[in-house]
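Here's the structure, in structure tokens; my notes come after.
The values are calculated or read from the model by the stated rules, or taken from the named source; none is laboratory data. These numbers come from a predicted model, not from an experiment. Glycine gets a Cβ as well: all are built from the backbone with ideal geometry, and neighbour counts include every protein chain shown.
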Amino acid sequence: DQQVKQNSPSLSVQEGRISILNCDYTNSMFDYFLWYKKYPAEGPTFLISISSIKDKNEDGRFTVFLNKSAKHLSLHIVPSQPGDSAVYFCAASAFRGGTASKLTFGTGTRLQVTL
Amino acid sequence: NAGVTQTPKFQVLKTGQSMTLQCAQDMNHNSMYWYRQDPGMGLRLIYYSASEGTTDKGEVPNGYNVSRLNKREFSLRLESAAPSQTSVYFCASRNHVGQPTDTQYFGPGTRLTVL
């Protein structure tokens, strides 16, 4: 049972345009969401996160939107740059207080930014 | 400050052989994690350690054992490797137990092939 879903395996966007990556989740206990970026032959690196008490978090060119009622979040990259070409993973956790948080990852979306 | 390091980077095993994947972090983090990444499956948690001296099963623990040797090191052992364990293995660490806003930092990965 895939609790975090990224239904688009790949996305191609022109340089300078907006990239929108989507993520859906099914577990209503999830209350913290993260996006990781992964280049080939490297480990994932943290990009941006959002708590369930917010509906938007912005960091430079990256903005994450959370729609709790729809159990949906999205990552917007504006403007897209060639260096943004990577695989993007959505991840979620259910905070239990006093225990190590465990992340549940989606299957990833490969973003290609073309010139 | 090397962050999270993993050895080896690549390994080829024959079915039935055993091996240990090593992970170390120099960020004084409390929690450490082992994931595997397979095509179309995202990252799946194998085992984690909330703190030195404790370990717990994740989503896919069968066929693996772990040891939290000290605060810095967390190893993953395959006692009798199977072709189904062919994967890329990532180690991660995280600072605070009980703080949902702390992110996980990943190592570069070990690419394992079991023939």
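A few comments on the model shown:
- Tabulated pairs, the stretch A:33-59, first surrounded by 13 or more Cβ atoms within 10 Å (Cβ to Cβ), second acidic (D, E), C-beta under 9 angstrom, 6+ apart or interchain: A:K37/A:D84; A:L47/A:D59; A:I48/A:E58; A:I48/A:D59; A:S51/A:D31; A:S52/A:D31
- Qualifying residue in the stretch B:48-59 (condition: touching a helix residue (DSSP H, G or I) at 6+ places or on another chain (Cβ under 7 Å) and farther than 26 Å from A:S8 by Cα): no
- Residues of the stretch A:85-100 satisfying the condition of being part of a loop (DSSP other than H, G, I, E, B) and within 14 Å of chain B (Cβ to nearest Cβ): A:A94, A:F95, A:R96, A:G97, A:G98, A:T99, A:A100
- Leading residue by the ranking (farthest from the chain's Cα centre (by Cα)) among those in the stretch A:69-84 that are part of a loop (DSSP other than H, G, I, E, B) and buried (at least 16 other Cβ atoms within 10 Å of the Cβ): A:S80
- When A:L111, A:L115, A:L103 are checked against the criterion of being crowded, with 18+ Cβ neighbours inside 10 Å, away from chain B (no Cβ under 13 Å) and in contact (Cβ under 8 Å) with a residue 12 or more places away in the chain, a single residue qualifies: A:L111.
- Residue in the stretch A:24-43 that is touching an Asp or Glu at 6+ places or on another chain (Cβ under 9 Å) and in a loop (DSSP other than H, G, I, E, B) present: yes
- Selection of the stretch B:62-87 for residues being part of a helix (DSSP H, G or I) and either among the hydroxyl-bearing types (S, T, Y) or at pLDDT below 95 (or both) yields only B:S84.
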